[in-house]
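The values are calculated or read from the model by the stated rules, or taken from the named source; none is laboratory data. The structure presented is a predicted model; accordingly, all values stated were derived computationally and were not measured. Here Cβ is always computed from backbone atoms with ideal geometry, including for glycine, and neighbour counts include all displayed protein chains. These accessible areas exclude ligands, DNA and RNA; they are computed on the full protein's heavy atoms, side chains included. Shrake-Rupley method; radii C 1.70, N 1.55, O 1.52, S 1.80 Å.
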Amino acid sequence: MFDLIVKGGTLPDGRVADIGIRGDKIAAVEKLEGAEAGQVIDSTGDLVCPPFVDPHFHMDATLSYGQPRVNASGTLLEGIALWGELKAIATIDEMKARALEYCDWAVSMGLLAIRSHVDTCDPDLKGVQALLDVRETVKPYIDLQLVAFPQDGLYRDPNALEQTLRALDMGVDVVGGIPHFERTMDEGSWSITNLCKIAADRGLPVDMHCDETDDPMSRHIETLAYETQRLGLHGRVAASHLTSMHSMDNYYVSKLLPLIAEAGISAIPNPLINIVLQGRHDTFPKRRGLTRVKEMQAQDITVGWGQDCVLDPWYSLGTADMLDVAFMGLHVAQMTHPDEMRRCFDMVTNANARIMGLQGYGLEPGCTASLVVLDAGNPVEALRLRPDRLAVVAKGKLVAAKARNDSRLSLPGRPASVRRRHRAG
Ligand SMILES: [Zn+2]
């Protein structure tokens with residue numbers, strides 16, 4: 001007897017299996033002919049995958065688009081200035097309301113694990129207080145990790161260090177940073193050394209915004225790799241964005257990538273945001289600004305796609321759909337071979353779960369019973385269609401459902417409805 005059976009779905013690896021769930025765990029992944037269950041979800045012909053994971057987001061800023069004004073230049077720097085205006089007037093209740101509304105969107109899209117940076121450059125730490133509450137509220141259905149993020153610079157803001165330490169004391173999970181936004185390259189390097197030491201002393205992971213610039217001389221990733229190696233933080237450090245690598249000298253990159261691999265640093269490009277914010281100072285040719293994804297993967301560096309923003313000072317769109325993120329990444333990084341497209345799907349599921357260190361992630365017996373049923377036949381088709389999430393199960397409970405929505409046709413001699421599936425997927 002199971003509490004829930006998800007019947008007949010196709011798993012990302014192509015297996016067709018029933019998934020039997022007891023409590024909040026997957027109890028069986030096999031043919032469950034005649035097994036009884038409290039609830040059955042028929043997913044015959046549909047893709048069943050583990051939940052989507054977003055390793056880079058800003059939940060304190062989300063759904064604030066237009067407050068108090070929009071970003072006119074479309075640049076990172078105006079976005080940071082605009083966020084400064086907003087956080088001065090934001091309240092804890094208002095931040096919580098926006099974050100919880102975003103979490104509803106995330107659940108509806110099968111996005112059940114999120115790592116959010118939270119700004120620590122606010123004397124009242126309003127964002128930290130708001131998101132610690134939100135982390136507790138959504139715990140039954142979303143794994144939310146928080147990164148202490150000194151948005152205005154660890155040295156550029158005289159109170160940032162003290163407030164970042166206070167945020168970590170309050171229970172924030174990860175140490176963040178923004179070395180390319182410090183006043184000088186030297187202060188950027190010192191911020192990395194200081195923040196990595198804090199993480200080492202406290203036994204915490206590190207996730208820094210690193211080299212989010214078009215400047216090919218922005219080489220903070222080299223320092224981050226060095227400090228990771230020196231302090232033995234292997235496997236606990238992520239570098240977000242790394243857009244300067246797009247513009248770096250090829251010889252230098254040939255030295256840099258093995259250092260990143262040796263340090264066990266994972267990389268989190270954010271393709272929706274990188275393609276929008278980078279290259280803004282170029283005329284033509286205009287750089288894409290996305291980091292070197294395939295080249296890092298060739299060195300066995302874990303790379304996961306992050307979303308970064310939805311409707312905030314930096315990005316005027318967004319839907320909480322990690323398939324949109326992977327779809328953009330696939331295009332900008334030109335990952336169009338079938339193996340590369342499958343890898344893009346893996347980069348918003350398994351790779352991101354590894355980056356966040358999620359326990360019990362996957363569709364095997366013993367794993368946490370969280371999964372998504374998609375109106376697609378396989379992962380590549382899911383990327384192409386970015387389809388409806390027909391069912392979302394979080395920790396054993398059905399938390400979102402949507403009726404299949406085929407288009408009805410009125411054409412002589414043609415079928416009555418169309419689903420846009422492809423025989424070959
Ligand atoms: Zn970010």
Residues satisfying the stated conditions in segment 124-151, i.e. in contact with a helix residue (DSSP H, G or I) (Cβ under 7 Å, 6 or more places away or on another chain) and either among the hydrophobic types (A, V, I, L, M, F, W, C) or at pLDDT below 95 (or both): 125, 128, 130, 131, 134, 138, 142, 144, 146, 148
What is the residue count in segment 18-65 for residues that are touching a residue at least 60 places away in the same chain (Cβ under 8 Å) and of a type in the set (Gly, Ala, Ser)? 7
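Just checking: which of the helices (runs of 4 or more DSSP H) contained wholly in segment 267-358 hold 2 or more residues that are in contact with a Cys (Cβ under 9 Å, 6 or more places away or on another chain) and within 16 Å of the ligand (Cβ to nearest atom)? Spell out how you get there, then give the answer.
On the way: elements: 271-277, 293-297, 322-332, 338-346, 350-356.
Where helices (runs of 4 or more DSSP H) fall fully within segment 267-358 and carry at least 2 residues being in contact with a Cys (Cβ under 9 Å, 6 or more places away or on another chain) and within 16 Å of the ligand (Cβ to nearest atom), they are 271-277.
Looking only at segment 96-121, which residues are under 19 Å from residue 164 (Cα atoms) and surrounded by 24 or more Cβ atoms within 10 Å (Cβ to Cβ)?
Filtering segment 96-121 down to residues under 19 Å from residue 164 (Cα atoms) leaves 115-121.
Residues satisfying the conditions are 115, 116, 117, 118, 119, 120.
Being open to solvent by less than 10 Å² (accessible area, probe 1.4 Å), in a helix (DSSP H, G or I) and at pLDDT 95 or above narrows it down to one of 193, 164, 223, so name that one.
Details: 193 fails: open to solvent by less than 10 Å² (accessible area, probe 1.4 Å); 223 fails: open to solvent by less than 10 Å² (accessible area, probe 1.4 Å).
Result of the check over 193, 164, 223: 164.
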Of the conditions (1) open to solvent by 10 Å² or more (accessible area, probe 1.4 Å); (2) in a strand (DSSP E or B); (3) within 16 Å of the ligand (Cβ to nearest atom), residue 29 satisfies every one except a single condition; which number is it? (3)
Residue selected from segment 32-60 under the condition within 26 Å of the chain's Cα centre (by Cα), among the acidic types (Asp, Glu) and more than 19 Å from residue 368 (Cα to Cα), by the criterion surrounded by the most Cβ atoms within 10 Å (Cβ to Cβ): 60
